[in-house]
Amino acid sequence: MKNIEYKVASSSCCTPQVTLNIIETVKYPQAITAAGTGCMAALDSERFLEAESAFIKSVTDLANV
């Protein structure tokens with residue numbers, strides 16, 4: 001195992017710097033990368049939908065006043 005510096009890809013405005021412990025694997029490196037990228041996309045999508053829902057609720061509340 002080795003420590004590497006890695007910038008996390010994200011659709012948000014900031015890309016935090018993190019240190020990861022990487023287990024070197026010969027057989028599945030592409031699958032591991034794809035799974036990690038898929039998880040990041042899912043989390044970004046969830047945050048976007050939550051923000052969109054809050055925005056729509058606030059607009060609807062204003063329209064009903």
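Brief remarks follow.
- Shown here for segment 23-65: trypsin sites (Lys or Arg not before Pro) in loop regions (DSSP other than H, G, I, E, B) with at most 12 other Cβ atoms within 10 Å, namely LYS27.
- In the complete set of protein chains, residue-level accessible area for THR60 is approximately 70 Å², probe 1.4 angstrom.
The values are calculated or read from the model by the stated rules, or taken from the named source; none is laboratory data. Quick caveat, the model's predicted, so the values are computed rather than measured. With ideal geometry, Cβ positions are generated from the backbone for all residues, glycine too; neighbour counts draw on all protein chains shown. Areas reflect the complete protein model, heavy atoms only, side chains present, ligands, DNA and RNA absent. Shrake-Rupley method; radii C 1.70, N 1.55, O 1.52, S 1.80 Å.
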